[in-house]
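A short worksheet on the structure shown next.
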Amino acid sequence: MAPLIAPSARVADILRTHLADTTARGFLAKSEQSVENLKRLQAQIVQSEKLVSLGQLAAGAAHQSTTRSQRSSVFRPAGRRSHGSGESSRHRLKIRDQARRTKIWWAIS
């Protein structure tokens with residue numbers, strides 16, 4: 001009685017091709033998943049850098065505001081203190097301009 005399936009070079013080639021295709025599909029799926037993970041991580045890094053820069057801007061503005069108000073109250077004679085001075089207006093304009101630049105930078109990136 002003859003075997004039902006005779007091993008031949010053709011069958012071996014088909015099996016090798018199928019195994020190679022299966023392996024290649026596995027590598028492709030893993031590569032695509034890795035690319036998606038990298039894109040997600042990159043987006044997270046960009047978002048965290050934006051938050052860091054916003055925090056630095058806010059800290060700088062708060063520091064300048066505190067420093068200027070302390071300096072103006074220390075160095076200005078008591079009779080000449082005013083809340084609507086030109087210096088505070090310039091300071092408010094500077095903060096506004098910095099905030100606008102930050103919005104523009106966020107829109108670009």
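The values are calculated or read from the model by the stated rules, or taken from the named source; none is laboratory data. What you see is a predicted model, and the numbers here were worked out from it, not measured in a lab. Glycine also receives a Cβ, built like all others from the backbone with ideal geometry; neighbour counts cover every protein chain displayed.
Tell me, please, whether a residue that is more than 23 Å from the chain's Cα centre (by Cα), of a type in the set (Asp, Glu), in a helix (DSSP H, G or I) and modelled with pLDDT of 60 or more can be found in region 71-94. Yes, that holds for at least one residue. Considering every residue within region 51-68, establish whether at least one is basic (Lys, Arg), modelled with pLDDT under 80 and either surrounded by 10 or more Cβ atoms within 10 Å (Cβ to Cβ) or touching a strand residue (DSSP E or B) at 6+ places or on another chain (Cβ under 8 Å) (or both). Within region 51-68 (the criterion being basic (Lys, Arg), modelled with pLDDT under 80 and either surrounded by 10 or more Cβ atoms within 10 Å (Cβ to Cβ) or touching a strand residue (DSSP E or B) at 6+ places or on another chain (Cβ under 8 Å) (or both)), the answer is yes, since at least one residue qualifies. Cβ separations smaller than 6 Å between residues 6+ apart or across chains give no pair from region 81-109 residues that are closer than 12 Å to Leu57 by Cβ to residues that are of a type in the set (Gly, Ala, Ser) and at pLDDT below 60.
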